[in-house]
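Encoded as structure tokens, the structure appears first; notes follow it.
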Amino acid sequence: QVQLVESGGALVQPGGSLRLSCAASGRLFRFAVMGWYRQAPGKQRELVATITSVGSTNYAESVKGRSTISRDNANNTVYLQMISLQPEDTAVYYCNVYYLGINYWGQGTQVTVSS
């Protein structure tokens, strides 16, 4: 059983930054691919970034150069650092664990970029 709890969502001004955190329970964490996805109103959920168990990363083009995904296997936590935030980054951000063909999702954390 995997439980994911996100935190760090906030209202930020354009050009601002924030860091999202996702605390995971379950012993499979260190073997899994972890990621962040987001869903804006009226749009489909989309990939933001993923990180493998050995630290290989992948980013959506829309956030590449502005985002850094990292993980702390000792504390079962994955992070997403974002800078230069723009209104189009406004969305609910979801933490994801992918392991043995199963996707696990957190409840989401709201990020709003507005002046």
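The values are calculated or read from the model by the stated rules, or taken from the named source; none is laboratory data. These figures come from a predicted structure and were not determined experimentally. For neighbour counting, all protein chains shown are included, and Cβ atoms are generated from backbone atoms with ideal geometry for every residue, glycine included. Only protein heavy atoms, including side chains, enter the accessible area calculation; ligands, DNA and RNA are left aside. Shrake-Rupley method; radii C 1.70, N 1.55, O 1.52, S 1.80 Å.
Numbers for the structure displayed
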quantity: Accessible area in square angstrom per residue, the chain, 1.4 angstrom probe; calculated: 54 Å²
quantity: Surface share of carbon and sulfur [accessible, 1.4 angstrom probe, percent] for the chain; calculated: 48 percent
quantity: Space enclosed by the convex hull of the alpha-carbon atoms of the chain, per residue, Å³; calculated: 92 Å³
quantity: Two-site label geometry, TYR98 and GLN13: point separation in nm, points 7 Å out along Cα→Cβ; calculated: 3.8 nm
quantity: Student exercise, the stretch 46-115 dipole from Lys, Arg, Asp, Glu Cβ charges, in Debye to nearest 20; calculated: 140 debye
